[in-house]
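This report concerns only the one structure given below.
Every read-out reported here was derived from the displayed coordinates using simple, explicitly stated rules and does not represent laboratory data. Quick caveat, the model's predicted, so the values are computed rather than measured. We place every Cβ from the backbone using ideal geometry, glycine too, and count neighbours over all the protein chains shown.
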Amino acid sequence: MKKIPVVEKIKERTGNKVKNIFIQIGNKKIFFKKEMNNFSNYDKIVNKKGFFITEECFEIQEKNKAIDKKKVIDNYSKEMIKKIKQSLDKNTEVVDEIVEEKAENEYIILRVLVVGEENIASQEKNN
């Protein structure tokens, strides 16, 4: 059983950026260009070229994106069936694979049932 969210959060750059250029001697930073970073969410990229360190901060917004339910359910169900088959005995023959999905608030509950057949009769050795 697996809970799959209906929407996924995507981080997207807005295009706003701040660039700082400095050199670092010991624990001290000497700035050649410093801009104020007023972003609440940002990506920080640091480049070192010789003595100069360039630090770029890009503003990020989180957006909710609806997922393709059919594709996601197929992917997760295949993954779950594969894990179940790995845990089964090698002599077990898979007869049926049942995938059940149920929508619940902000999630899809996915349930996978694998029906297997195994020969449990023991053969006696005649001496």
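Loop-resident trypsin sites (Lys or Arg not before Pro) (DSSP state other than H, G, I, E or B) in the stretch 1-93 with no more than 16 further Cβ atoms inside 10 Å of their Cβ: Lys34, Lys90. Computed over the stretch 59-127, relative contact order equals 28 percent, with contacts defined as Cα pairs under 8 Å that lie 6+ residues apart.
Is the chain rounded, prolate or oblate when judged by the Cα gyration tensor, a ≥ b ≥ c being the square roots of its eigenvalues, rounded requiring a/c under 1.5 and prolate requiring a/b larger than b/c? Can you show the working numbers first?
On the way: a/c = 6.30, a/b = 2.42, b/c = 2.60.
Note, shape of the chain comes out oblate.
Taking the chain as the reference, fit the longest principal axis to its C-alpha atoms, fit the long axis of helix 69-87 to the helix C-alpha atoms, and give the angle between the two in degrees, 0 to 90, nearest 10. Helix 69-87 sits roughly 60 degrees off the main axis of the chain.
For the stretch 1-91, GluC sites (Glu not before Pro) are listed when DSSP marks them as loop and at most 16 other Cβ atoms sit within 10 Å of their Cβ; the list is Glu35.
Over the residues of the chain, the helix contribution to mean residue ellipticity at 222 nm works out to -5000 deg cm²/dmol, using -39500 (n - 2.57) for each DSSP H run of at least 4.
What dipole magnitude, in Debye to the nearest 20, does the stretch 9-65 give about its Cα centre under +1 on Lys/Arg Cβ and -1 on Asp/Glu Cβ? Computed about the Cα centre, the dipole is about 120 debye. The equivalent ellipsoid that matches the C-alpha gyration tensor of the stretch 56-119 spans semi-axes of 36, 16, 8 angstrom, in descending order. Past 31 Å, Cα to Cα: identify those pairs from Lys11/Lys71; Lys69/Lys90; Lys17/Lys70, in the order given. Over 31 Å apart, Cα to Cα: Lys69/Lys90; Lys17/Lys70.
Here each label is just a point 7 Å from Cα along the line to Cβ, and for Lys78 and Ile109 those points are 2.6 nm apart.
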